[in-house]
Amino acid sequence: MKIAQIAKYSMVALILGGVTTGRATAQSTHNHAASSQRLTTAQGALLQAVRESTARFKDVSAAEAEGYSLLFGCVTGPDSGAMGLHYVNMTLVGSGVVDAIKPQIVIYEPQPDGHLQLIGADFLVLADQWDKAHPGQGAPQLMGQLYHYFESPNRFGLPPFYTLHVWAWKPNPNGAFVNWHPNVSCAAFSGQTQ
């Protein structure tokens, strides 16, 4: 292939890549992206899937009616922000299934007026269960996003597990899929924090 043809194809790929990335970013921004960082098309699709599947949980009573209950208090870190209030569906945790529209946990931030603001979802799979069902595959992935591994013992009193936070409802300047959110606070929580 001639150098001119290679350069031409490289330029086309660069332009198409820029258009695709730009469209994903614009689409994600339009959909209240959970980060100011550029998102891939797959990341934008994951955020959208989580928003669509959790919108009904803006009222915490809807989550409770579907089997979610508060565990761990309000999870906060000494210098990393917080994770907020985790409403966990133990049936979904026990299933060991990775599904973008069935988060094991929905996350809320306590507000000064007493209401809970939906800020995201957390996908949690027990490591032993996952590893046994998927030998040699490593950590699970959800639409291309790799889960984080938590060893045991841990602050939650759980056996080792894999987790993926998706900050679908409150933008996180550190990224849409990191564990800690620097702009989440447990200050308004009247119970005990973890």
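Per the conditions (1) within 23 Å of VAL184 (Cβ to Cβ); (2) among the small types (Gly, Ala, Ser); (3) part of a helix (DSSP H, G or I), the sole criterion not satisfied by GLY120 is (3).
Screening ALA139 on (1) of a type in the set (A, V, I, L, M, F, W, C); (2) assigned to a loop (DSSP other than H, G, I, E, B); (3) in contact with a Phe, Trp or Tyr (Cβ under 9 Å, 6 or more places away or on another chain); (4) surrounded by 17 or more Cβ atoms within 10 Å (Cβ to Cβ) shows it passes everything except condition (4). The number of residues in the stretch 138-169 that are within 22 Å of ASN183 (Cα to Cα) and small (Gly, Ala, Ser) comes to 1. For the stretch 99-108, the criterion of being assigned to a loop (DSSP other than H, G, I, E, B), among the β-branched types (Val, Ile, Thr) and at pLDDT 95 or above is met by at least one residue. Taken together, GLY138, GLY114 contain a single residue that is of a type in the set (Gly, Ala, Ser), more than 12 Å from the chain's Cα centre (by Cα) and over 22 Å from ALA42 (Cβ atoms), which is GLY114. Looking only at residues in the stretch 154-165 that are more than 19 Å from ILE119 (Cα to Cα) and modelled with pLDDT of 95 or more, the one that is nearest to the chain's Cα centre (by Cα) is TYR162. Look at (1) exposed (fewer than 14 other Cβ atoms within 10 Å of the Cβ); (2) touching a Ser or Thr at 6+ places or on another chain (Cβ under 6 Å); (3) not aromatic (Phe, Trp, Tyr) and you find that PRO159 fails only one, number (1). Comparison of ALA176, ALA188 shows that the only residue that is assigned to a loop (DSSP other than H, G, I, E, B), within 17 Å of GLN48 (Cα to Cα) and out of contact with any His (no Cβ under 8 Å at 6 or more places or on another chain) is ALA176.
Selection of the stretch 95-117 for residues being closer than 28 Å to PHE189 by Cα and of a type outside the set (A, V, I, L, M) yields LYS102, PRO103, GLN104, TYR108, GLU109, PRO110, GLN111, PRO112, ASP113, GLY114, HIS115, GLN117. For GLY144, state whether it is over 15 Å from the mean Cα position of the chain (by Cα), surrounded by fewer than 18 Cβ atoms within 10 Å (Cβ to Cβ) and not polar (S, T, N, Q). When the stated conditions are applied, GLY144 does not pass them. Number of residues in the stretch 142-173 that are under 14 Å from ALA127 (Cβ atoms), assigned to a loop (DSSP other than H, G, I, E, B) and not aromatic (Phe, Trp, Tyr): the value is 7. Among (1) surrounded by 17 or more Cβ atoms within 10 Å (Cβ to Cβ); (2) of a type outside the set (Asp, Glu); (3) within 28 Å of SER61 (Cβ to Cβ), where does GLY94 come up short? Condition not satisfied by GLY94: (1).
Per the listing ALA188, ALA100, ALA121, ALA168, the residue uniquely surrounded by fewer than 21 Cβ atoms within 10 Å (Cβ to Cβ), within 11 Å of the chain's Cα centre (by Cα) and under 22 Å from ALA62 (Cα atoms) is ALA100.
The values are calculated or read from the model by the stated rules, or taken from the named source; none is laboratory data. These numbers come from a predicted model, not from an experiment. So basically every Cβ, Gly included, is an ideal-geometry build from the backbone, and we count neighbours across all protein chains shown.
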